Structures are given as C-alpha cells and as structure tokens.
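Asks: Below you'll find the structure I mean.
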Ligand code: B12
C-alpha cells in the first residue's frame, strides 16, 4: 500500500461513482460491532429467512467485512438507482418487479464498482479493494445504514433521502482508513403505509419481515409455493414492489417502462408455455432468469389461477398434461382448481387417472376436493 490522502480518495470515489450513475456514496467503518450479527441472529432465530441457507456462521461472516477482504478497514457504500414505475398490466399479463427491467443488475452494478475500485487501486496500491453486490456474505443494508446512505424502512429496504428505496446497494470494501460518515438517525416515524400494502402480511411494522411470506421470496423459491400463500400472490411472476410503491419517499408515478414487455408485463399464457430456446433468448441473462425456466412457468401457472380467466384453461391443461417438470404440473393443477369451471374440472379428473407423480396427484386431489359433490 502506498501513502494516500484519505479525504482526496473519498472525494475521487464520490465523483467517479456519481459520474457512472450512482445516486449517493458514503463510508462506514468495517469493524464488526456485534450489533449487525445480533440483528441477523434474531431474524434467523425467528425463522424469517427459513427458505435461505443462513445460520449464525453466515451472520458472523456478513457482519465482518474482513471475510470479503482480509484487513478491511472501511466499506464504501453506494446506492445505484433503477427505473421505478407502476406498470399498467392487463389481467392476462403478469407483473415483474421493477429491478428486473434494469437488465442483469449484478453486472451493471459490478461494472460500476470495479471501475471505481480500480481508481482507488491506482491511487493507493494494488489489492486494497474488493467489491460486493448481493452475492457476497456482507449485510449490505446494515453497512449502508451505518454509513448514513439512508435509513432502513418498515419495509426493511434502505431508503436513500436522495433517491428513495428503488436503489441497488453495492460496496467497495477496502483496507484504506477512510473517514466514516455518520448514520442518518432517521426513521419512518408514524408512517405505516407499506404494512397493509403487502398482500401476504410479510411486514410486521417493527422494521422486520417474515421473508418466507414475501412475494419476492415466494416467486424465487425452488420448491412448491405453500398452497395457502398462492392466492395472495396475485399476478406477480417475479419479485414484488407493492411495499415500496406505497412508500411516500418513492413518489412513483404510472409510466412507461424502458424494460421489455417480457421483463415488465409478460403475457401469462406465453410464459406458461415458455420453452428452453425462448427462455435462453429472453430471460436467461436477466435478473428473473437465475432460477431457470420451470420456475417462471410455475409462477405463470399461479398467476393464471389468480387471474381467474377461463380462457386460460386450455393452456393450463396443456401444462398439466405435458410440462416435463412435476412442479409446474402441480401448480397448473392448483390453477385449474382455482378457476373451477366445468372444463377445468374435467381436465383435472382426466389427468388424475393417469398422473404418475405422487405430488402432482396430491395437488390434483386437493384441487378437486372443494368440488367433491359436483357431478362429472
Ligand atoms: C436474502 C435477500 C432477500 C430475501 C429476504 C429479504 C429481507 N428483507 O431480508 C428476499 C427474497 C425476500 C428479498 C427480497 C427483496 N430484495 Co433482497 N436481498 C437479500 C440479500 C441477499 C440478503 C439480505 C439479508 O441478509 N436479510 C436478512 C435481514 C435480517 O438482514 P437485512 O435485510 O440486511 O437487515 C439488516 C438491517 O435491517 C439491519 N438494520 C436495521 N436497521 C439498522 C440500523 C443501523 C444503523 C444498522 C447498522 C443496521 C440496521 O439489521 C439487519 C441485520 O443486519 C441482500 C443482499 C445482501 N447480501 O445483503 C438482498 C437485498 C437486501 N435485496 C434487495 C432488493 C432490491 C430486494 C427486493 C426489493 C427485490 C424485489 N422487488 O423483489 C425485495 C424487497 C423485499 C423486502 N421488503 O425486503 C436489495 C435491497 C436494496 C435496498 N434499497 O435496500 C439488496 C441489498 C441487494 C442489493 N445489493 O441491492 N431479498
């Protein structure tokens, strides 16, 4: 490490990041004070993140940036805004969270972080930085809050006073001692708008979330979506923005999205029929592609069930009979039962007689149960 002027580096970082599209840049000390570890531990102990492979060993890592870079002294926290709007989706179209429309944000944010980190390395010496966004074990919101980049809202997202909460967080962890910025000491006060805006009741109102109920989690888990939660998802097929859209600092208006139709308001029947070549072309490189095409087809089935659109019955029946993934067939069965029209029930009865997968058979039986007394 060369001698360096900490204040000058901080200034350089700020200018470079803002030039590359960041909304704000602030610095936190990298020290593990224990408070972050405790907050993570409490959340995991409540089961809030039960669908994630998180435990106390993860909490210890995420609270201590030296796991990202040995000898870490400072965390440069950066807020990168993304296009936020309220899409006008028709009933036969799915809803996709705003962040997907910004392309693969991991690449976008990482490129910005890498460019800025390279500037620091060239001023102060090679290897004094490491970058992180989303995928490394670091409690990004907690460090951003400590740096005063914003405050954590009751929806648990970091709210930047300059850009709202529709921001990605990225960090440059560095061995340099940069002067830390103070936390904002701000809160949501008496505002509770996000709480009733969440259709699944995931937000408790005390700045914590039961993430297992969050639509963002439900639409990206890899197993069956719990049956009781399915009707609450509405037509969201990837992520959800409802808590943030209700948040006054975001002040979002209805607008046209710059995102493609496939990544903002996809046609649900088309998504249900998504084949591997189309998935590769349209979704594989987007933020809604990382779980694969079958998960999107499963989510489309649930959304069609919630849209209660009888014209979707032939497509759902096709999915029930032909989708190679039992998970998708099972959710198509649920959707047909939810629509509950005579043709939907006939499809369920017919498939129930020949379906080989036990889990799908069970879904078919559960879908038909409310109609047990209906004549065939
Ligand atoms: C797992 C995960 C999820 C899970 C769980 C979310 C959750 N609330 O925990 C699910 C799939 C539900 C999810 C959803 C979303 N996610 Co997510 N997710 C993550 C991930 C990978 C880990 C989060 C985690 O550890 N959660 C456990 C909880 C307990 O920790 P935490 O949320 O960090 O909370 C800490 C702070 O609140 C802190 N704290 C609270 N107040 C204060 C005050 C001070 C001063 C301090 C020091 C600390 C502090 O205590 C907690 C423990 O450290 C992070 C990336 C990362 N590595 O951090 C992205 C991340 C949090 N997600 C992000 C995004 C964009 C989303 C969605 C908006 C996407 C969408 N539209 O569908 C939704 C938002 C849903 C919501 N209301 O939270 C962004 C958040 C940006 C922001 N403005 O806050 C992140 C940071 C990714 C990124 N790099 O941009 N996500």
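The values are calculated or read from the model by the stated rules, or taken from the named source; none is laboratory data. Quick caveat: nothing in here was measured; it's all calculated off a predicted structure. Glycine also receives a Cβ, built like all others from the backbone with ideal geometry; neighbour counts cover every protein chain displayed.
Asks: Going by the conditions given, is residue 366 without any contact (Cβ under 8 Å) to a residue 24 or more places away in the chain, part of a helix (DSSP H, G or I), more than 27 Å from the chain's Cα centre (by Cα) and surrounded by fewer than 17 Cβ atoms within 10 Å (Cβ to Cβ)? Explain how you work it out, then say what you get.
Replies: Working: without any contact (Cβ under 8 Å) to a residue 24 or more places away in the chain: no; part of a helix (DSSP H, G or I): yes; more than 27 Å from the chain's Cα centre (by Cα): yes; surrounded by fewer than 17 Cβ atoms within 10 Å (Cβ to Cβ): yes.
No: the conditions fail for residue 366.
Asks: When only residues in the stretch 137-154 that are part of a loop (DSSP other than H, G, I, E, B) and in contact with a strand residue (DSSP E or B) (Cβ under 8 Å, 6 or more places away or on another chain) count, which is nearest to the ligand (Cβ to nearest atom)?
Replies: Initial filter on the stretch 137-154 (part of a loop (DSSP other than H, G, I, E, B)): 137-139, 147-150, 153-154.
After this cut, where a residue has to be in contact with a strand residue (DSSP E or B) (Cβ under 8 Å, 6 or more places away or on another chain) as well, the list is 138, 147-150, 153-154.
Numbers: 138: 6, 147: 9, 148: 9, 149: 9, 150: 7, 153: 8, 154: 9 Å.
Restricting to residues being part of a loop (DSSP other than H, G, I, E, B) and in contact with a strand residue (DSSP E or B) (Cβ under 8 Å, 6 or more places away or on another chain), the top hit is 138.
Asks: Check whether at least one residue in the stretch 111-128 is in contact (Cβ under 8 Å) with a residue 12 or more places away in the chain, within 12 Å of residue 168 (Cβ to Cβ) and surrounded by 19 or more Cβ atoms within 10 Å (Cβ to Cβ), and report yes or no.
Replies: yes
Asks: Before we move on, is residue 131 within 12 Å of the ligand (Cβ to nearest atom), farther than 29 Å from residue 303 by Cα and touching a strand residue (DSSP E or B) at 6+ places or on another chain (Cβ under 7 Å)? Quick ask: steps written out before the conclusion?
Replies: Details: within 12 Å of the ligand (Cβ to nearest atom): yes; farther than 29 Å from residue 303 by Cα: yes; touching a strand residue (DSSP E or B) at 6+ places or on another chain (Cβ under 7 Å): yes.
Considered against the rule, which asks whether it is within 12 Å of the ligand (Cβ to nearest atom), farther than 29 Å from residue 303 by Cα and touching a strand residue (DSSP E or B) at 6+ places or on another chain (Cβ under 7 Å), residue 131 comes out as yes.
Asks: Looking at the structure I just gave you, is residue 357 surrounded by fewer than 19 Cβ atoms within 10 Å (Cβ to Cβ) and either at positive phi or in contact with a strand residue (DSSP E or B) (Cβ under 9 Å, 6 or more places away or on another chain) (or both)? Explain how you work it out, then say what you get.
Replies: Numbers: surrounded by fewer than 19 Cβ atoms within 10 Å (Cβ to Cβ): yes; either at positive phi or in contact with a strand residue (DSSP E or B) (Cβ under 9 Å, 6 or more places away or on another chain) (or both): no.
No, not satisfied.
Asks: Where in the stretch 1-105 are there helices (runs of 4 or more DSSP H), lying wholly inside it, with at least 1 residues that are near the ligand (Cβ under 10 Å from one of its atoms) and either surrounded by fewer than 19 Cβ atoms within 10 Å (Cβ to Cβ) or at pLDDT 95 or above (or both)?
Replies: Numbers: elements: 6-19, 35-46, 56-62.
Per the criteria, 35-46, 56-62.
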